[in-house]
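Below is one structure, written out as structure tokens, with a few remarks after it.
The values are calculated or read from the model by the stated rules, or taken from the named source; none is laboratory data. Computed from a predicted model, the values in this text were never measured in an experiment. Using ideal geometry, Cβ is built from the backbone for each residue, glycine included, and neighbour counts are taken over all protein chains shown. Protein only, heavy atoms only, side chains kept; ligands, DNA and RNA dropped before computing areas. Shrake-Rupley method; radii C 1.70, N 1.55, O 1.52, S 1.80 Å.
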Protein chains: 2
Amino acid sequence: MSSNDKGLQPPFVKGWPDEERVVMGHGSGGRKMHRLIRDVFLRHFGNPVLNRLGDSAVFGTRGAQRAMSTDSYVVQPLFFPGGDIGKLAVCGTVNDLAVAGARPEFLSAGFIVREGLEMAVLERICRSMARTARRAGVSIVTGDFKVIERGEDEGVYINTTGSGTVRAGVDLGPQRIRAGDALLINGPIGQHEAAIAVARGGYGFKAGVKSDCAPLGGLVARMLRLKGVRMMRDPTRGGLATTLNEIADATGLGFVVDEGLLPVSKTVRGVAELLGFDVMYMANEGKVLTVADLGKAGRLVEAMRADTHGRGARRIGEVVRRPPGVWLRTKLGSLRRMIMLEGEQLPRIC
Amino acid sequence: MSSNDKGLQPPFVKGWPDEERVVMGHGSGGRKMHRLIRDVFLRHFGNPVLNRLGDSAVFGTRGAQRAMSTDSYVVQPLFFPGGDIGKLAVCGTVNDLAVAGARPEFLSAGFIVREGLEMAVLERICRSMARTARRAGVSIVTGDFKVIERGEDEGVYINTTGSGTVRAGVDLGPQRIRAGDALLINGPIGQHEAAIAVARGGYGFKAGVKSDCAPLGGLVARMLRLKGVRMMRDPTRGGLATTLNEIADATGLGFVVDEGLLPVSKTVRGVAELLGFDVMYMANEGKVLTVADLGKAGRLVEAMRADTHGRGARRIGEVVRRPPGVWLRTKLGSLRRMIMLEGEQLPRIC
């Protein structure tokens, strides 16, 4: 699929040796997607704001800085334990704004829906979006609705784009990270991808695993009131390992996660083993990875634990000068390299 | 398709007598879409900003007011005379901001693409988006890329969401419209829908008609420098008649378009006659409908004509106290009522 049928290289794409068609892996968050972003999107759209490739764009207007973030949601199935496409569409974008240090304020909602969708399903999705938006403290201020022909899937695609004000005095970014910093997480990882994999079925088993899908604006606000946060990211597609690889690429530093400290539920570990997934690469939708000053790490973990979405918060690792890259310190004490995957473990998880 | 197979009314949707599934007409800009917006989206998401249902949401933050607008583009075919989905995705959102009195500044771009799409096609679309964004003076600052399985269409859906600053001192809105005001348009109507209909083919003819797809920020800025503009709208899905009906509903006034003054190219008139379309309902993607103080109408038309996208500008009608609603004064002098259509003339035009 990704090889070149004609044996020719497309002359218009530099650095595109053997891929002339889009494959599922291009949407996975892994290396394929990063190459696509670099070779197509940055090449054509590049500008100082976009080039930073943050979870949100941050730009100055007179007065306060503003953040803007967009995501389209194509998750299958539309409803899954712990959430649905509507809840996900609000949380995903709100969280991208939050981890950029912004207070999420306004959302747009763009629906693309297949002819034949039951109105009751659309209602259920909208009700869930509205409820999640209220919880997250954002208003849906503008929208769009398009209908496409009947087809092979359930057929609801939702884009949300969010806008918010960057909190005064907050300065987050990879350039602030230092060797010796701590890596923190607000709870057990891999739940969203495990829930989707099980809900999609066909594996001959059921598991009591729920997506962690949640709006994290409140939790992030608690953390930013304290000092010591260097950078935050929400490890969605591609999971913790992919997000850490992005930060490692940006800083040239090493990121070591301690397997013994990493919170993973028994159920998620079971699903991962059965399906051959690595939890470090499994998607999350209610997690924030924080790089923090080691001296402030304890208080930041406490602040997270005081929030509904941070009960399982803990320190999971550290930043080192060498070796660069992303590493898992196994329970036996050896270091295992966590490279960025080429493609996906599971498509259409968000 | 829109009837209720089970003979039951869904208990959760008030005012939804006989439609329990989404049909193509729900995406058309006509009455079906307006009912969906009222009964589903406003009911769940309603808030003071959304409830105004403008082309853009306008909200105050400290200092200047900001505008935000979103649209998803699902046009088929992806490339058509005068444009492509990429150009359309930039123009459509930029124009929604412009007619709200805002200076378009930042765009997000969310792609949903089918597996198997040729990379060369994606490149061509991005190149076109980038070129149009440069012309329109906006930066694409954030984006997202999702891949879905192979399917029945060409499979590129693009959401753009735009953000801009409302020009100081500009106050536009239906409440400012008075009987005696003039209706102005910046050129011949119906071109976008005619171009798409012909490009979609299957009609056994070709016509030299191009979409009018264009960014109108510059033209609108020229007009707003003069005084006298009461309100602007871009008559896209559902055309001039639908947009005027929305304004008529909001004001309770009458809107009379003079058939003899309405600019329509011979080719568009020919396409409309062959396909049984009414030009008043045909979609435009480079037109701005302006309601203006009659005393300033002449200077506003001159200002439009000084712009590349306003060469064919003219006054096309007037606002009257009675009769309320939207009317076409035919060349014979009689008044023909232009109601809002139930559904679409042609789906997936934008």
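With the simple model of a label 7 Å out from the Cα in the direction of the Cβ, B:Thr330 to B:Asp278 spans 1.2 nm. In region B:33-55, the residues whose accessible area drops by at least 50 square angstrom when the other protein chains are added to the isolated chain are B:Phe41, B:His44, B:Phe45; the probe is 1.4 Å and only protein heavy atoms count.
Please say if the protein assembly as shown is rounded, prolate or oblate, where rounded means a/c under 1.5 for a ≥ b ≥ c the square roots of the C-alpha gyration tensor eigenvalues, and otherwise the choice is prolate for a/b larger than b/c and oblate otherwise? Spell out each step's value before the answer.
Working: a/c = 1.89, a/b = 1.77, b/c = 1.07.
Taking the square roots of the gyration eigenvalues as a ≥ b ≥ c, the protein assembly as shown is prolate.
Scanning chain A for chymotrypsin sites (Phe, Trp or Tyr not before Pro) lying in DSSP loops with no more than 12 further Cβ atoms inside 10 Å, the longest uninterrupted stretch between such sites is A:13-202. Where a ≥ b ≥ c are the square roots of the eigenvalues of the C-alpha gyration tensor, would you call chain B rounded, which needs a/c under 1.5, or, failing that, prolate if a/b is larger than b/c, or oblate? Rounded shape, in that the Cα axes give a/c under 1.5.
In this structure the amide hydrogen of B:Glu342, modeled in the peptide plane, comes within under 5 Å of the amide hydrogens of B:Arg31, none closer than 5 places in sequence on its chain. The magnitude of the dipole of chain B, with charges of +1 and -1 set on the Cβ of Lys/Arg and Asp/Glu and taken from the Cα centre, is near 1320 debye. For region A:186-194, putting each phi into the Karplus relation 6.51 cos²θ - 1.76 cosθ + 1.60 with θ = phi - 60° gives couplings of 8, x, x, 9, x, 5, 5, 5, 4 Hz, in residue order, rounded to whole numbers and with x for Gly and Pro. With a cut-off of 11 Å, note down the residues of region A:221-239 whose backbone N falls inside the zone around a label point 7 Å from the Cα of A:Arg299 toward its beta carbon. Those under the cut-off are A:225-229. Build a GNM of chain B with springs between Cα atoms under 10 Å: which of B:Leu36, B:Leu183, B:Leu219 gets the top mean-square fluctuation? Answer for the Gaussian network model of chain B: B:Leu36. Taking 28 Å as the limit for the C-alpha separation, the pairs A:Lys296/A:Lys331; B:Lys146/B:Lys287; A:Lys32/A:Lys287; A:Lys227/B:Lys146; B:Lys87/B:Lys296; A:Lys146/B:Lys210 exceed it in the case of B:Lys146/B:Lys287; A:Lys227/B:Lys146; B:Lys87/B:Lys296. Sorted from closest to farthest, the other copies place their B:Leu275 label points 4.4 nm away, with each point set 7 Å from Cα along Cα→Cβ.
Taking amide hydrogens as placed 1.01 Å from N in the peptide plane, the amide H of A:Phe255 sits under 5 Å from those of A:Val320, A:Gly325, A:Val326, A:Trp327, each at least 5 positions away in sequence or on another chain.
Measuring r between the beta carbons of A:Leu261 and A:Ile339 and using R0 = 30 Å, the FRET efficiency lands at 0.90.
Nm distances between the label at B:Pro324 and the same-position labels in the remaining copies, 7 Å along Cα→Cβ, shortest first? Ordered by distance, the counterparts are at 7.0 nm.
Interface area, chains B and A: about 7000 Å² of buried accessible surface, summed, with a 1.4 Å probe and ligands, DNA and RNA left out.
Per residue, how much accessible area does the protein assembly as shown have with a 1.4 Å probe, in Å²? Don't jump to the answer; show the numbers that get you there.
Working: 26470 Å² over 700 residues.
About 38 Å² of surface per residue is accessible.
Within 10 Å of each candidate Cβ there may be at most 13 other Cβ atoms; applying that plus a DSSP loop requirement, which trypsin sites (Lys or Arg not before Pro) in region A:264-342 survive?
Details: sites: A:Lys266, A:Arg269, A:Lys287, A:Lys296, A:Arg299, A:Arg305, A:Arg311, A:Arg314, A:Arg315, A:Arg321, A:Arg329, A:Lys331, A:Arg336, A:Arg337; in loops: A:Lys287, A:Arg311, A:Arg321, A:Lys331.
Sparse-neighbourhood loop trypsin sites (Lys or Arg not before Pro): A:Arg311, A:Arg321, A:Lys331.
Annotation: amide H-H contacts under 5 Å for A:Val166 (H modelled 1.01 Å from N, sequence separation of 5 or more, or interchain): A:Gln65, A:Arg66, A:Ala67, A:Arg103.
Could you work out the helix-only [θ] at 222 nm for chain B, with each DSSP H run of four or more residues adding -39,500 (n - 2.57) and the total divided by the number of residues, to the nearest 500 deg cm²/dmol?
-8500 deg cm²/dmol
Taking a Cβ cut-off of under 10 Å around B:Val90, the surrounding Lys, Arg, Asp and Glu residues balance to a net charge of +4, with basic ones at +1 and acidic ones at -1.
What residues of region B:62-84 lose no less than 10 Å² of accessible area with every protein chain in place versus their chain by itself (probe 1.4 Å, heavy atoms only)? Residues shielded by partner chains are B:Arg62, B:Arg66, B:Met68, B:Thr70, B:Asp71, B:Ser72, B:Val74. When only alpha carbons of region A:44-110 are considered, Rg and Dmax amount to 13.9, 44 Å. With the cut-off at 1.5 for a/c, could you classify region A:174-337 from its C-alpha gyration tensor as rounded, prolate or oblate? Oblate, since a/c reaches 1.5 and b/c is not below a/b. Here the Karplus relation 6.51 cos²θ - 1.76 cosθ + 1.60, evaluated at θ = phi - 60°, turns the backbone of region A:207-222 into coupling constants of 9, x, 9, 10, 4, 8, 2, 7, x, 10, x, x, 4, 5, 4, 4 Hz, with x for every Gly and Pro.
Label separation (B:Arg52 vs A:Arg131): 3.1 nm, computed from points 7 Å beyond Cα along the C-beta direction. Here the accessible area of chain A is 49 percent carbon and sulfur, with a 1.4 angstrom probe and all protein chains present. Our summary of shape: the Cα atoms of region A:63-169 have principal axis extents of 49, 26, 18 Å, ordered from largest down, in whole angstrom. In order along region B:260-268, the phi-based Karplus estimate (6.51 cos²θ - 1.76 cosθ + 1.60, θ = phi - 60°) of 3J(HN,Hα) comes to x, 9, 6, x, 9, 6, 4, 5, 4 Hz; Gly and Pro are listed as x. Site pair B:Ala179 and A:Arg43 shows an inter-label distance of 6.2 nm when each label is modelled 7 Å from Cα along Cα→Cβ. Applying a DSSP loop filter and a limit of 14 other Cβ atoms within 10 Å to the GluC sites (Glu not before Pro) in region A:262-350 leaves A:Glu342. Across identical copies of the chain, B:Leu53 has label-point separations of 4.3 nm, listed in ascending order, with the point defined 7 angstrom from Cα along Cα→Cβ. For chain B, what is the relative contact order in percent, using Cα pairs closer than 8 Å and at least 6 residues apart in sequence? Computed value for chain B: 23 percent relative contact order.
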